[in-house]
Amino acid sequence: MIVSVDMGDMQKILWVDRENMLCCVQAGIKGQDLERKLRPHGVCTGMIPDSLEFSTAGGWVSTRASGMKKNVYGNIEDMLINVKIVTPKGTFSKKHNCPRVSSGPDIN
């Protein structure tokens with residue numbers, strides 16, 4: 001059986017922490033909307049895939065997406081700090097204290 005879930009209504013930025021350069025977003029937000037909504041906060045994701053206007057944050061995570069600026073910002077799994085995935089078999093969470101540093105040695 002295959003189940004498809006429409007995350008289209010989950011398009012919000014829940015919070016932005018400019019000091020630590022972090023934000024919490026819902027899975028259904030499209031890339032171009034996310035970048036536009038982050039701009040007033042003076043931050044960006046740095047995730048610029050060719051499909052930016054159609055792809056979503058949740059899609060990026062589920063496909064381990066990469067963007068044109070990956071050499072500067074890293075791939076999506078390098079930017080991801082916390083994710084919670086709910087499946088029929090239970091809940092999966094991934095948590096890290098900080099994102100990967102995309103330049104220089106990893107001293108974290």
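The values are calculated or read from the model by the stated rules, or taken from the named source; none is laboratory data. Remember, it's a predicted structure, so these values are computed and weren't measured experimentally. Quick reminder, even Gly has a Cβ in these numbers, built from the backbone with ideal geometry, and neighbours come from all protein chains shown.
Taken over the stretch 53-89, the criterion of being modelled with pLDDT of 90 or more and within 14 Å of the chain's Cα centre (by Cα) is satisfied by 55, 56, 57, 58, 59, 60. Quick one: in the stretch 30-52, of everything that is in a helix (DSSP H, G or I) and among the aliphatic types (A, V, I, L, M), which residue is farthest from the chain's Cα centre (by Cα)? Ranking the candidates gives 38 first.
Inspect the stretch 29-50 for any residue being touching a Phe, Trp or Tyr at 6+ places or on another chain (Cβ under 7 Å), loosely packed, with under 15 Cβ neighbours inside 10 Å and modelled with pLDDT of 90 or more and give the result as yes or no. Within the stretch 29-50, none of the residues are touching a Phe, Trp or Tyr at 6+ places or on another chain (Cβ under 7 Å), loosely packed, with under 15 Cβ neighbours inside 10 Å and modelled with pLDDT of 90 or more.
A Cβ distance below 7 Å, combined with a sequence gap of six or more or placement on separate chains, defines the contacts here; from the stretch 1-29, residues that are in a strand (DSSP E or B) and of a type in the set (A, V, I, L, M, F, W, C) reach residues that are exposed (fewer than 11 other Cβ atoms within 10 Å of the Cβ) and modelled with pLDDT of 95 or more in the pairs 23/15; 24/14; 24/15; 25/14.
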